[in-house]
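Comments concern the structure below.
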Amino acid sequence: MTPIPPRPDAAPPEAGPHEAAAGTTEATLTATRASAPAPAGVAPRLPDRIRALARRHRRALVTVVAILVVAALVVAVRGILGADRGPVAPPPPAPRSAPGGIRISPAGEFMNDPQRPFLLDGVWHTYALVNADHPDGNGSSWRHYTSTDLVTWHDEGIAIDKYDTPLGDAETGSVVVDAAGTSGLGAGTVVAILTQQSDGVQRQSLYYSTDGGRRFAPYAGNPVMDNPGGPDFRDPKVVWDAEHGRWSMALAEGRRIGFYTSPDLIHWTYRSDFARDDLGTLETPDVFPIASAEDPGRVRWVLGASANGAAQGRGTGYAYWVGGFDGERFTPDDDAPRWLDQGADFYAGVTWADPSDAASTTRYAMGWASSWDYAGRLPLRDGGAGGAQSIVRALRLVPDGAGWALRSAPVDALRQREGASRDMADARVVGTADLDGAPSGPSRLRLTLTPDAGDPARETCVRLASPEGGTVTVGYDAARRQAFVVRDDDPDGIMPDSYDRPATAPLPDADPAAPVTLDLVVDDRTVEAFVDGDAAVLTSATVGSLRGAGLSVEAVDGATRVSDASWTPFDAGA
């Protein structure tokens, strides 16, 4: 790859068209007032009229004068602070609603990529790309969400408006807190580095917030990274590199990930790249360290990216490699990619550290629970489109027979949202048996499947029957030692062929005769299946709603014992 030359210093900002027009208008009005003569016979009587009106409306005039004085003071203060201190933000909008769910979901707009959360003053902040004009208009805004537990999310309104500069709308990026003020925008400023696209050209811009991430303003010198000439130049992921005392960026550039460094978040230098020719166009890259869960002294680096797994017999998802990173170049231990989620619908994934975890053995993850193959066709609740975000998972790094692997499971805080469970009786299933159906809201289904000792089933299927028609099956194939998800919930045929492709997750260490646990987090049109704890996870969006779904278990070619089965609803949140 040819190194990208340094970006020339930005030209000083010029007066915008609105500023120029305002100045011209003021000058024109002044000249007009000076040159226009007073009508004959009016000027001598004007003072008397003004005095009479003043006596009659003294209280109103005092109020008007007070308002004008306050307005003048506001203008003066803004002038003293200067543009580099950021905009005077409007009051933060009240949340549209307190969420009743367990994930970030769209309402009345199209939603896609999540943005990496950050912690500020004990509150987690994240953003999601939304398009309120879908399906008739393009572009995206950044909608802001906050949480104290990574489970219950509150909608705080739009933080970055659509098409607020000529460089295009605000697309995917990442947010950091510039604690030391390296950017010159003030210590503690919240800075977003993100992609803007105009006329098909993608560039990286800087936005900053001085009110804790509620509203952002564009940096006057944007773009901070101009396009070197390629069609794909997007999704910057920025972190502070404490070892080298600088900022580090991973950037998606088509079939490669570029690495850059910067002292100030504004001037970036190309360092190296990581290229693949078998995963399609790479998007939303991620590079981070994580310590072994079993040996905290052993720290490895992970490079992740959204990719197309057609060459591996699957759809799109979050691919990753474990290896080493020296701040400029990533070297994988193994050339073959791994997948964080084996389901069809975990894309544009983001991960982030837990500041309270000094050993760095835990990291969190969240992804878009949808696919570009059919996002526009999913009939979501509340007028939403595209897809919701997955629940937040906790990641850990473990050794396996092929090297190192990331395992993921629901965060512990999800249990705090659980209501009273509804237990089901243990049963030996031959053929198909109906069990208790799902609650009407988001819920959690837990059960253990054990092949019958005398007549073990070759395969066991747990079927969720949508009230709107069709089924979604989560199962375990003992012969192949793999979990799977099959969606047969598209009776009207609105989805493409890729929707019908089964998703599979190998369980190479599983004993075919041993019990398998399923932990299914079931929401309106999303099911997240965690198999044997965190041995495998499969996330799937669904056409039919799963709230109030019927439940049945089928044992294929033998018998299966079902035990420890329960439905647990989630409460309404706070």
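Only the coordinates and a few stated rules stand behind these numbers; no lab work does. Worth saying up front: this structure is predicted, and the values here are computed from it rather than measured. Backbone-built Cβ (ideal geometry, glycine too); neighbour counts: all protein chains shown.
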(message) With Kirkwood's inverse mean 1/r over C-alpha pairs for Rh, give me the Rg to Rh ratio of the range 91-229, two decimals please.
(response) 0.96
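Provide HIS144, HIS244, HIS134 in ascending order of the number of other Cβ atoms located within 10 Å of each residue's Cβ, fewest first. It would help to have the intermediate numbers written out before the result.
Details: HIS144 25, HIS244 13, HIS134 20.
The order, fewest Cβ neighbours first, is HIS244, HIS134, HIS144.
Subtracting the Cα-Cα distance from 0.36 nm times the residue separation, let me have the gained length for ASP436 to ALA132 in nm, one decimal. Let's see the in-between values first.
Working: separation 304, 0.36 × 304 = 109.44 nm, distance 3.85 nm.
Using 0.36 nm per residue and subtracting the Cα-Cα distance, I get 105.6 nm.
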(message) Per q in 0.17 Å⁻¹, report the Debye log10 I(q)/I(0) for the range 418-569, using one uniform scatterer on each alpha carbon and no solvent.
(response) -0.93
(request) Please pull out the direction-averaged projected area of the range 337-401, using the convex hull of its alpha-carbon atoms, in nm² to one decimal place. (result) 6.2 nm²
(request) Per residue of the range 406-421, in order, report the coupling 6.51 cos²θ - 1.76 cosθ + 1.60 (Karplus, θ = phi - 60°) as ³J(HN,Hα) in whole Hz, putting x for Gly and Pro. (result) 8, 10, 9, 8, x, 5, 4, 4, 4, 4, 5, 8, 7, x, 6, 7
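Find the Rg to Rh ratio for the range 172-412, where Rh is the Kirkwood radius over alpha-carbon pairs and Rg uses the same atoms.
Values: Rg = 17.8 Å, Rh = 18.7 Å.
Computed over Cα atoms, the ratio is 0.95.
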(message) Please compute the length gained on full extension between ASP488 and VAL299, using 0.36 nm multiplied by the number of residues separating them and subtracting their Cα-Cα distance.
(response) 63.8 nm
(message) Can you list residues from other chains, or at least 5 along the same chain, whose modelled amide H is less than 5 Å from the amide H of ASP341?
(response) TYR318
(message) For a quick check: with amide H placed at 1.01 Å from N, whose amide H comes under 5 Å from GLN482's, ignoring anything fewer than 5 positions away on the same chain?
(response) ASP477, LEU507
(request) Output ³J(HN,Hα) for the range 141-151: one whole-Hz value per residue in order, computed from phi by the Karplus curve 6.51 cos²θ - 1.76 cosθ + 1.60 with θ = phi - 60°, and x for Gly and Pro. (result) 10, 9, 8, 9, 10, 10, 7, 9, 10, 6, 10
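Could you list SER209, SER566 in order of exposure, starting from the residue whose Cβ has the fewest other Cβ atoms within 10 Å? Could you put the intermediate results ahead of the total?
Working: SER209 24, SER566 14.
In increasing order of surrounding Cβ atoms, one gets SER566, SER209.
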(message) I need the phi-derived Karplus couplings for the range 330-340: 6.51 cos²θ - 1.76 cosθ + 1.60, θ = phi - 60°, integer Hz, Gly and Pro marked x.
(response) 9, 10, x, 5, 9, 6, 6, x, 10, 10, 5
(message) At 0.36 nm per residue, and after removing the present C-alpha to C-alpha distance, how many nm does the segment from ALA310 to VAL556 gain when stretched out fully?
(response) 85.6 nm
(request) Would you pull out the residues with amide H under 5 Å of GLY157's amide H, same chain only if 5 or more places away, H placed 1.01 Å from N? (result) ARG96, HIS144
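Based on the alpha-carbon set only, what is the convex hull volume of the range 225-315 divided per residue, in Å³? Don't skip to the end; give the middle numbers.
Numbers: hull volume 10.3 nm³, N = 91.
Taking only Cα atoms, the range 225-315 has a hull volume of 113 Å³ per residue.
Net charge near SER174: determine it from the other residues with C-beta under 10 Å of the C-beta of SER174, scoring Lys and Arg +1 and Asp and Glu -1. Spell out each step's value before the answer.
On the way: positive: ARG116, LYS237; negative: ASP235, ASP286.
Every neighbour counted, the sum reads 0.
Determine, from the Cβ-Cβ distance of ALA479 and ARG329 and an R0 of 45 Å, the FRET efficiency 1/(1 + (r/R0)^6), rounded to the nearest 0.05.
Working: r = 43 Å, r/R0 = 0.96.
Rounded to the nearest 0.05, the efficiency is 0.55.
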(request) First select every other residue whose beta carbon is under 13 angstrom from the beta carbon of PRO442; then total the charges, Lys and Arg +1, Asp and Glu -1. (result) +1
